[in-house]
Amino acid sequence: MQAVKVLISSFFDAILNEKSEYRIVFQNLSYTREWMPDTMYIGNYLDARTTVISSFDEDIDLGTITLAGGRLIGEHLKEWKEKSG
């Protein structure tokens, strides 16, 4: 419940009160270490300036990317695959 309080209050302060310093909470969750329960957190922060190069969810071809005309190339990899579900 503490994590929800921290994240929601940070969101409202950042958006409604225009306090841009609270955006760091979402950009880097380790910033909240002293206020959040001691557990593992996974963040997925994207803002309007983010350009997604490859999202790996548009098709099964590992070499294609989201940006038109681009390709991914892997060399000397032990394993390179996408998993569904």
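The values are calculated or read from the model by the stated rules, or taken from the named source; none is laboratory data. As the structure is a prediction and not an experimental result, all values here were calculated from the model. We place every Cβ from the backbone using ideal geometry, glycine too, and count neighbours over all the protein chains shown. Only protein heavy atoms, including side chains, enter the accessible area calculation; ligands, DNA and RNA are left aside. Shrake-Rupley method; radii C 1.70, N 1.55, O 1.52, S 1.80 Å.
Results, tabulated for the structure shown:
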{"read-out": "Hits in segment 10-45 (condition: of a type outside the set (Ser, Thr, Tyr), loosely packed, with under 10 Cβ neighbours inside 10 Å and under 29 Å from LYS81 (Cα atoms))", "value": "MET40, ILE42, ASN44"}
{"read-out": "Hits in segment 32-85 (condition: of a type in the set (Ser, Thr, Tyr) and not in a loop (DSSP other than H, G, I, E, B))", "value": "THR32, THR64"}
{"read-out": "Subset of segment 12-59 (residues that are aliphatic (A, V, I, L, M) and within 18 Å of the chain's Cα centre (by Cα))", "value": "ALA14, ILE24, VAL25, LEU29, MET40, ILE42, LEU46, ALA48, VAL52, ILE53"}
{"read-out": "Number of positions in segment 11-30 that are without any contact (Cβ under 8 Å) to a residue 12 or more places away in the chain and polar (S, T, N, Q)", "value": "3"}
{"read-out": "Near pairs, Cβ below 9 angstrom, 6+ apart or cross-chain, from segment 31-47 (in contact (Cβ under 8 Å) with a residue 24 or more places away in the chain) to any residue that is surrounded by 10 or more Cβ atoms within 10 Å (Cβ to Cβ) and part of a loop (DSSP other than H, G, I, E, B)", "value": "THR32/TYR41"}
{"read-out": "Residue in segment 71-83 that is open to solvent by less than 100 Å² (accessible area, probe 1.4 Å) and of a type in the set (Val, Ile, Thr) present", "value": "no"}
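Here is a yes/no grid of residues against (1) modelled with pLDDT of 85 or more; (2) among the polar types (S, T, N, Q); (3) under 29 Å from THR66 (Cα atoms):
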residue: GLN2; (1), (2), (3): no, yes, no
residue: LYS5; (1), (2), (3): yes, no, no
residue: ILE8; (1), (2), (3): yes, no, no
residue: ALA14; (1), (2), (3): yes, no, no
residue: ASN28; (1), (2), (3): yes, yes, yes
residue: ASP38; (1), (2), (3): yes, no, no
residue: THR50; (1), (2), (3): yes, yes, yes
